[in-house]
Amino acid sequence: MIKKLFFTLILTIVAELFSGVLHFEHADVVYPEGYFENAVLVGNIFETVRPKVIELVGNDPGRITIVLKDRGTISNGYTMPFFHKTIVIYLWPPESWLSFRLPLEDWYAYVLIHEFSHMCHLTYQDEIGKTITKLTGIPLYPQLFSDLVEGVTVFNESSFSSSSGRLNSPFYSNGLFYYSLSNFPSPGYIKVAPDDDYRDGLLYYN
């Protein structure tokens, strides 16, 4: 009874916050009022980039949910691999120095490749993980604790064309090669001194 009430409350809140849901072959796109065309675009781009991301990572996470949000001039996305396997995208495209650091052909294509790479990578399970998940109902995703969580996405976002992704940015890749690699700290550095990181939290992406 309590569980039913909880899900009813959640569905009511979602219905109030969002205008509709579009169903694509491998994803449901939830969008706020006034963003139907964006939802159509995002769903079609996702279906286009999906096969190659799965090929690059080597894992198919199955059907996912993509939630579009209007957060003003915030450009970002994030991935929640548990339970409903959801990607959230803030719709405003990047501006200023960020877009020079991340050469973009298309903001939606870039963020979908990046976040879906997270989904494929983070939901990867070996046979032991699959067995534990089946027995307990609790997803066991060992890649959540990897130091390579962002490295996989940076590689993938740069693998679709020569004009997309950080590794194809002359500013980013040349700077990384000439100034960083000779003195590159281990990923453990950020765990020791996270507030002291002069790279502004970008060590994992580097």
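General observations
- For Ile113: the one exception among (1) modelled with pLDDT of 85 or more; (2) open to solvent by 20 Å² or more (accessible area, probe 1.4 Å): (2)
- Every residue from segment 142-159 that is assigned to a helix (DSSP H, G or I), polar (S, T, N, Q) and in contact with a Gly (Cβ under 9 Å, 6 or more places away or on another chain): Asn156
- Applying a threshold of 6 Å to beta carbon distances and a minimum spacing of six or more residues, or different chains, the list of pairs starting in segment 58-69 at a residue that is closer than 17 Å to Asn156 by Cβ and ending at one that is basic (Lys, Arg) and not in a loop (DSSP other than H, G, I, E, B) is empty.
- Segment 60-82, residues that are modelled with pLDDT under 95 and either polar (S, T, N, Q) or in a helix (DSSP H, G or I) (or both): Thr73, Ser75, Asn76
- Within segment 129-151, restricting attention to residues that are among the polar types (S, T, N, Q) and modelled with pLDDT of 85 or more, the residue that is surrounded by the fewest Cβ atoms within 10 Å (Cβ to Cβ) is Thr136.
Results for (1) in contact with a helix residue (DSSP H, G or I) (Cβ under 8 Å, 6 or more places away or on another chain); (2) over 15 Å from Val49 (Cα atoms); (3) surrounded by fewer than 16 Cβ atoms within 10 Å (Cβ to Cβ); (4) free of Cβ contacts under 8 Å to residues at least 12 places away in the same chain, shown as yes or no for each residue.
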| position | (1), (2), (3), (4) |
| --- | --- |
| Tyr124 | yes, yes, no, no |
| Glu127 | no, yes, yes, yes |
| Thr153 | yes, no, no, no |
| Glu157 | yes, no, no, no |
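For every residue, the table says whether it meets (1) modelled with pLDDT under 95; (2) open to solvent by less than 50 Å² (accessible area, probe 1.4 Å); (3) among the hydrophobic types (A, V, I, L, M, F, W, C); (4) touching a strand residue (DSSP E or B) at 6+ places or on another chain (Cβ under 7 Å).
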{"site": "Ile2", "(1), (2), (3), (4)": "yes, no, yes, no"}
{"site": "Leu5", "(1), (2), (3), (4)": "yes, no, yes, no"}
{"site": "Ala15", "(1), (2), (3), (4)": "yes, no, yes, no"}
{"site": "Ser19", "(1), (2), (3), (4)": "yes, no, no, yes"}
{"site": "Glu25", "(1), (2), (3), (4)": "no, no, no, no"}
{"site": "Leu56", "(1), (2), (3), (4)": "no, no, yes, no"}
{"site": "His84", "(1), (2), (3), (4)": "yes, no, no, yes"}
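The values are calculated or read from the model by the stated rules, or taken from the named source; none is laboratory data. Keep in mind the model is a prediction, meaning the values are calculated, not measured. Cβ coordinates were reconstructed from backbone atoms using ideal geometry, including for glycine residues, and neighbour counts include every protein chain displayed. Just the protein is used for accessible areas: all its heavy atoms, side chains included, with ligands, DNA and RNA removed. Shrake-Rupley method; radii C 1.70, N 1.55, O 1.52, S 1.80 Å.
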